[in-house]
Structures are given as C-alpha cells and as structure tokens.
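The values are calculated or read from the model by the stated rules, or taken from the named source; none is laboratory data. Just so it is clear, the structure is predicted and the values come from calculations on it, not from any experiment. Ideal geometry is used to build each Cβ from the backbone, glycine not excepted, and the neighbour counts take in all protein chains shown. Accessible surface is based on the protein model in full, side chains and every heavy atom, while ligands, DNA and RNA are left aside. Shrake-Rupley method; radii C 1.70, N 1.55, O 1.52, S 1.80 Å.
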Amino acid sequence: METIKNILRYLIMPLDFLMKYFKLLVLLVIIILLWGNSEKNQDSQANLAKLYLRGPILQSDDFREQVQRIKAHPNIKGVLLVVDSPGGGIGASIEIANLIKELRDTMPIVAHVEGAMASGGYYAGMYSDKIIANRGAVIGSIGVVLEGFNIKPLLDKIGIYPQNLQEGEYKRIGTPFRSWSDEEKKFLQNFIHEQYLMFVDDVIQARALNNPNPNIFANGKIFSAKTALKLGLIDTIGSQNQAIKELSEIAQIQDPIWLEKSKTQEWIDRLSNASLAVFSNFFQGSIQ
C-alpha cells in the first residue's frame, strides 16, 4: 500500500507544480510570444543588418547562415560587420572572406573591430569597404603557423609503442608519434610558405597597400589600432557608433532599423564562443 502511495505521489508532483505555477508559466509564454512577434515586426522593416564575426574561426556554416538571411531580406541596404576574432583555420577563414566579398558586391559593408581582428580574423574581414577599429583593438598577426607534438618519449615511458602500415611516402607526415624527418620538415615549410604568400597577396590586393613589403605588415606581429592605421590595415580609429554613422551615410539611410540575431540566439552564440575560446586558449595559447 505504501508503495502505491509513493507512486501516486510522484505522479501527482508534476501536476501540483503546474497548478501552483500555472499563472507564471502562462505569463512567460505570453512574454516569449510578444518578444518574438516584436522582433519579427522589426525585422520586416529593417534596412541595415549586423553581421557577427566573433571567437575562434573553426567553421563557416554559422556565418553563411547569417549572410543568407541578409541576402533574403529585400530592404537591407548595408551591413555592419562586428569583428572580435583571434583567427582560426585557413579554409574556414577564406570561406568567410569569400562570403563577405560576394556580399560586398551587392551592398556596402563597414567593419568595426571590437577587440581583435587577427590572423584568420583579419583574413576573413579584410574585404569590407571600410575597417574602423576600437582604439584598444588588436590588429594583424598576418602569417601562418603549423604546430604539432612529439609524444614518443612519453609513450616510451609508459610502454606504449604505436605501429602502422602506410602507402605513400608522406602519408604520415606530421605524426605526433615520432620526430619529423628533415624531408618532412622541408615539405611542411614549403607548404605553409605557399599559404603565407597567398595570405600576403590577398591582403595587398584587398587593402591596396602603398607599401606592399611583407616584412613590415606580415611578419606575424600584432599591431595596435594606431600602428595598423599607419600600415593601411584599417581605415579609421573609432567607436561602433562612428562605424554605424559611416555605414548609414554610405547606404543613404537616415533612420537605421537593424536586422540582427534574436536576443536568445545572441546569448546562445556568446556562450558557445566563450566555451570555444576557453578550449582554444587552453590547447593553443592566446594573444595577451
């Protein structure tokens, strides 16, 4: 009998909770619906859009979705690209760069650097019509790095001995289970040099640099906004409000109405990017 009472008690608990907090739940649903409708109404009237490039660049799918949403909106006249990225993978950075370049062909894009526009982050955003940076921003880090580990001493110490079969002389290039051979190091150095030259050439063309000497702007150094302005890597030092004013003038918009992520999605993205940044900094180090 006692067992039946316990089962009934557990069955009744959810109902009791719903009855006790029913009004509160209804109120929350109404608020969410009203919030969603207000965002939809504002979106339908939007004439400018915010596009976000934040955190480590590990893939381009999320950014592509943002761009597609902007392209699908018939009234958008210009885009504010909000940048705060230390860089990431070469392929993903180039994909985002191409997306921005294609979007720029249809409407003006003004980038504002909140914190960092470095390495792949610079590659991705450099095709904007104008780049305006916060005076405390970090710009540059133009270069390519390839890192790896040699964990053979550790494996030897704990008695683990990897074994493998392969076809193709360079198939196991970069393996962490042994030291890289001189031939492998030479091959990898040539590979990243090719990537580096592509990066440098694209920066020179995108920014129409007066001094295209890579030893000055593309030696892997990070620059303050003041130095980046002198080097031609950015156009202006200023706030996001100044970037918005600049974009509004170029797009000929007097009363900006923004198409941007919902507040819910923005918070989800912020949490996601924060987690990715912690992961990336832990394993790869970070610019301080």
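The rows are residues; the columns are (1) at pLDDT 95 or above; (2) in a strand (DSSP E or B); (3) open to solvent by 40 Å² or more (accessible area, probe 1.4 Å).
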| position | (1), (2), (3) |
| --- | --- |
| K101 | yes, no, yes |
| A111 | yes, yes, no |
| A124 | yes, no, no |
| S128 | yes, no, no |
| G136 | yes, no, yes |
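Only one of the numbered conditions (1) more than 29 Å from S60 (Cβ to Cβ); (2) in contact with a His (Cβ under 6 Å, 6 or more places away or on another chain) is violated by I158, and that is (2).
Figure legend. Inter-residue proximity from the range 58-77: first residues aromatic (F, W, Y), second residues open to solvent by 30 Å² or more (accessible area, probe 1.4 Å), beta-carbon distance below 9 Å, spacing 6+ or different chains. Indicated pairs: F63/E95. Of the residues making up the range 82-106, just one is within 21 Å of I253 (Cα to Cα) and under 11 Å from the mean Cα position of the chain (by Cα), namely V82.
Filtered by the rule that a residue be out of contact with any helix residue (DSSP H, G or I) (no Cβ under 9 Å at 6 or more places or on another chain) and of a type outside the set (K, R), the range 149-162 gives F149, N150, I151, P153, L154, L155, D156, I158, G159.
This table checks each residue for (1) more than 24 Å from the chain's Cα centre (by Cα); (2) not charged (D, E, K, R).
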| site | (1), (2) |
| --- | --- |
| R207 | no, no |
| N215 | yes, yes |
| G220 | no, yes |
| F223 | no, yes |
| I234 | no, yes |
| E246 | no, no |
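Within the range 43-50, does at least one residue satisfy the condition of being in contact with a strand residue (DSSP E or B) (Cβ under 7 Å, 6 or more places away or on another chain) and either hydroxyl-bearing (S, T, Y) or modelled with pLDDT under 85 (or both)? For the range 43-50, residues in contact with a strand residue (DSSP E or B) (Cβ under 7 Å, 6 or more places away or on another chain) and either hydroxyl-bearing (S, T, Y) or modelled with pLDDT under 85 (or both): present. Of the listed requirements (1) more than 30 Å from L146 (Cβ to Cβ); (2) exposed (fewer than 14 other Cβ atoms within 10 Å of the Cβ); (3) at pLDDT 90 or above, D61 misses just one: (1). A count restricted to the range 64-99 and to residues that are outside any helix (DSSP H, G or I), touching a helix residue (DSSP H, G or I) at 6+ places or on another chain (Cβ under 7 Å) and open to solvent by 30 Å² or more (accessible area, probe 1.4 Å) stands at 4.
Condition first: acidic (D, E), surrounded by 10 or more Cβ atoms within 10 Å (Cβ to Cβ) and within 30 Å of A218 (Cα to Cα). Now tell me which residues in the range 149-193 satisfy that. Within the range 149-193, E183, E184 qualify. Considering only the range 105-135, how many residues are in contact with a Ser or Thr (Cβ under 6 Å, 6 or more places away or on another chain) and of a type in the set (S, T, Y)? Here the count works out to 2.
Kindly indicate whether any position in the range 207-230 is within 27 Å of K71 (Cβ to Cβ), in contact (Cβ under 8 Å) with a residue 60 or more places away in the chain, among the hydroxyl-bearing types (S, T, Y) and open to solvent by less than 60 Å² (accessible area, probe 1.4 Å). Checking the range 207-230: not a single residue is within 27 Å of K71 (Cβ to Cβ), in contact (Cβ under 8 Å) with a residue 60 or more places away in the chain, among the hydroxyl-bearing types (S, T, Y) and open to solvent by less than 60 Å² (accessible area, probe 1.4 Å).
Residue pairs whose Cβ atoms lie under 8 Å apart, separated by 6 or more positions or on different chains, with the first residue in the range 174-188 and touching a residue at least 12 places away in the same chain (Cβ under 8 Å) and the second among the small types (G, A, S) and open to solvent by less than 40 Å² (accessible area, probe 1.4 Å), are W180/G174; E184/G174; L188/G174.
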